[in-house]
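This report concerns only the one structure given below.
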Number of protein chains: 2
Amino acid sequence: MTYDEDMATRTRGTLTRDRIIEVAIAFADEHGVEALSMRKLGAELGVEAMSLYNHVDNKDDIYDGMIDFVVGAIPLPDEDTVWQNAIRALGTDAMEQFSAHPWVAPLMMTRGMFGPAALRFMDRVLAVLSNAGFTDEDTHHAWQMLASHTMGYTFQQATNPGAIDDKFDGLDVLVAQLAEEFPHVARLAPLLAQCEFRHEFEFGLDIIIDGLEARLN
Amino acid sequence: MTYDEDMATRTRGTLTRDRIIEVAIAFADEHGVEALSMRKLGAELGVEAMSLYNHVDNKDDIYDGMIDFVVGAIPLPDEDTVWQNAIRALGTDAMEQFSAHPWVAPLMMTRGMFGPAALRFMDRVLAVLSNAGFTDEDTHHAWQMLASHTMGYTFQQATNPGAIDDKFDGLDVLVAQLAEEFPHVARLAPLLAQCEFRHEFEFGLDIIIDGLEARLN
DNA sequence: ACCTGAACACCGTTCAAGT
DNA sequence: ACCTGAACACCGTTCAAGT
């Protein structure tokens with residue numbers, strides 16, 4: 001292998017499953033998942049679309065890889081953190097990742113999360129709850145609640161009229177017109193449009209943690 | 001108009017926006033949203049795909065109509081129901097609709113819910129909370145929590161390994177193999193795979209309602 | 001072992017042409 | 001006013017052919 005070949009390999013990068021997924025994530029972050037196609041992804045990697053199939057089963061395989069990469073980026077708390085703080089950190093850190101990659105939640109909703117990083121993440125959350133003294137049944141309940149809360153808030157954030165007001169620039173006008181038909185929506189619309197999601201999320205998370213804690217004693 | 005023409009019109013049905021959305025929902029229920037295309041939907045209605053554009057803006061417009069139809073099918077509680085029961089009923093009834101049409105939650109996640117039926121539904125939930133004595137801020141908090149919980153549990157149900165074990169028929173085997181790497185997942189997998197979602201959902205809903213109630217006094 | 005061109009069976013959407 | 005055929009610019013995926 002000559003020096004030039006070596007340079008080309010290094011700058012263009014060798015085509016691997018990981019590199020494909022990496023570039024797919026960057027592309028989805030910039031242009032949205034719906035714009036992601038095998039042909040465009042190939043072009044981004046300096047290769048024809050068909051070459052991707054040498055490293056990846058199909059497009060769904062890429063989706064699964066993207067999901068697992070994002071879940072894998074959620075930091076895990078130290079083993080000795082008290083469970084309430086560990087859960088709070090896991091929740092807020094998960095939210096942060098999901099917010100940074102808004103396409104991941106809808107994708108998880110249809111594809112699930114069963115990759116190695118997702119299993120590792122899940123195992124850690126279950127460990128925190130079990131070690132805190134919850135029964136297996138309550139650990140299960142708690143996982144479902146916490147996962148639902150995190151996924152649900154991601155949904156709220158994704159479909160927040162404030163966040164997507166490019167599409168709904170006439171929303172406040174519309175709401176004002178419908179004020180007598182939907183008075184409560186009209187009154188609370190400003191709160192919904194410009195709320196701090198981090199604060200909102202933690203408000204609910206604390207209620208859940210308190211509710212779970214009451215079942216421990 | 002002759003008798004025969006009248007019959008044909010009645011049996012084939014007149015093409016309208018509502019009828020298109022109705023048939024689209026039935027199609028998505030049977031074959032999944034990802035299989036829904038303008039061409040197939042046209043065929044289902046005995047018409048070419050291009051004709052649909054006379055009654056509908058585009059495919060997204062159909063999606064929005066499908067979402068609003070499903071939300072509109074959630075029954076609203078009587079005005080004088082005590083708020084805890086009203087909220088519980090709204091939550092479980094919403095869950096029931098979302099479960100009956102598994103494609104609706106991922107769709108809402110990307111499209112939001114801003115149709116007339118959705119606004120009506122939202123206004124009613126906000127009214128229940130306001131009338132219960134919550135401040136506007138807490139009403140807002142409560143809406144976000146309840147909506148998140150409902151959406152989140154729909155997600156859990158949709159991606160439940162038990163529900164999709166046609167795709168993951170080897171999941172229990174896989175989990176067993178990884179038992180030493182993910183011990184808690186392995187131990188709780190049966191609970192997750194075969195849990196009663198209705199019961200799970202209400203467990204969490206009660207914790208949320210209790211937590212909100214504590215802010216009322 | 002990896003990449004490619006051509007092909008297949010699809011998409012959503014537009015638009016001029018029909019009635 | 002509503003429906004259609006043909007067309008445009010895309011899709012994911014397969015497969016024989018190249019190196």
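The values are calculated or read from the model by the stated rules, or taken from the named source; none is laboratory data. As the structure is a prediction and not an experimental result, all values here were calculated from the model. Reconstructed Cβ throughout: ideal geometry from the backbone, glycine too, with neighbour counts over all protein chains shown. What goes into the accessible areas is simple: the full protein's heavy atoms, side chains included, and nothing from ligands, DNA or RNA. Shrake-Rupley method; radii C 1.70, N 1.55, O 1.52, S 1.80 Å.
Considering only segment B:98-108, I want to know if a residue exists there that is farther than 15 Å from B:Phe69 by Cβ and among the β-branched types (Val, Ile, Thr). No: zero hits. Whenever a residue of segment A:28-44 is part of a helix (DSSP H, G or I), its partners that are within 12 Å of DNA strand C (Cβ to nearest atom) and open to solvent by less than 70 Å² (accessible area, probe 1.4 Å), lying with C-beta atoms within less than 6 angstrom and at least six residues away or across chains, give the pairs A:Met38/A:Ala49; A:Met38/A:Leu52; A:Arg39/A:Ala49; A:Gly42/A:Ala49; A:Gly42/A:Leu52. Here A:Asn160 passes the criteria (1) open to solvent by 20 Å² or more (accessible area, probe 1.4 Å); (2) assigned to a loop (DSSP other than H, G, I, E, B) except the one numbered (1). So which residues in segment A:1-19 are modelled with pLDDT of 50 or more and out of contact with any helix residue (DSSP H, G or I) (no Cβ under 6 Å at 6 or more places or on another chain), if there are any at all? Hits for segment A:1-19 are A:Arg12, A:Thr14, A:Leu15, A:Thr16, A:Arg17, A:Asp18, A:Arg19. Take the conditions (1) within 14 Å of another protein chain (Cβ to nearest Cβ); (2) within 12 Å of DNA strand D (Cβ to nearest atom); A:Phe27 misses just one of them, which is (1). Could we say that A:His55 is within 16 Å of DNA strand C (Cβ to nearest atom) and either of a type outside the set (A, V, I, L, M) or surrounded by fewer than 17 Cβ atoms within 10 Å (Cβ to Cβ) (or both) here? Spelling it out, A:His55 is indeed within 16 Å of DNA strand C (Cβ to nearest atom) and either of a type outside the set (A, V, I, L, M) or surrounded by fewer than 17 Cβ atoms within 10 Å (Cβ to Cβ) (or both).
Return the pairs, sorted by first residue and then second, in which the second residue is in a helix (DSSP H, G or I) and open to solvent by 20 Å² or more (accessible area, probe 1.4 Å), the first residue lies in segment B:190-214 and is more than 7 Å from every other protein chain (Cβ to nearest Cβ), the beta carbons are less than 6 Å apart, and the residues are 6+ apart or on different chains. Matching pairs, first to second residue: B:Phe197/B:Gln157; B:Ile209/B:Gln84. Summed over segment A:29-69, residues that are β-branched (Val, Ile, Thr) and either farther than 24 Å from A:Phe98 by Cβ or in contact with a His (Cβ under 9 Å, 6 or more places away or on another chain) (or both) total 1. Number of residues in segment A:61-105 that are open to solvent by 30 Å² or more (accessible area, probe 1.4 Å) and of a type in the set (A, V, I, L, M) equals 5.
Scanning segment A:61-86 for residues that are modelled with pLDDT of 95 or more, more than 24 Å from A:Pro106 (Cβ to Cβ) and outside any helix (DSSP H, G or I) returns A:Leu76, A:Pro77, A:Thr81, A:Val82. Scan segment A:115-157 for residues that are in contact (Cβ under 8 Å) with a residue 24 or more places away in the chain, more than 15 Å from B:Ala105 (Cα to Cα) and open to solvent by 40 Å² or more (accessible area, probe 1.4 Å) and the total you get is 5. For residues in segment B:10-52 being more than 8 Å from DNA strand C (Cβ to nearest atom) and of a type in the set (Lys, Arg), which is surrounded by the most Cβ atoms within 10 Å (Cβ to Cβ)? By that ranking, first place goes to B:Arg17. For segment B:45-60, which residues satisfy the criterion of being within 14 Å of another protein chain (Cβ to nearest Cβ), within 15 Å of DNA strand D (Cβ to nearest atom) and part of a helix (DSSP H, G or I)? Once the filter is applied, which keeps residues that are within 14 Å of another protein chain (Cβ to nearest Cβ), within 15 Å of DNA strand D (Cβ to nearest atom) and part of a helix (DSSP H, G or I), segment B:45-60 yields only B:Lys59.
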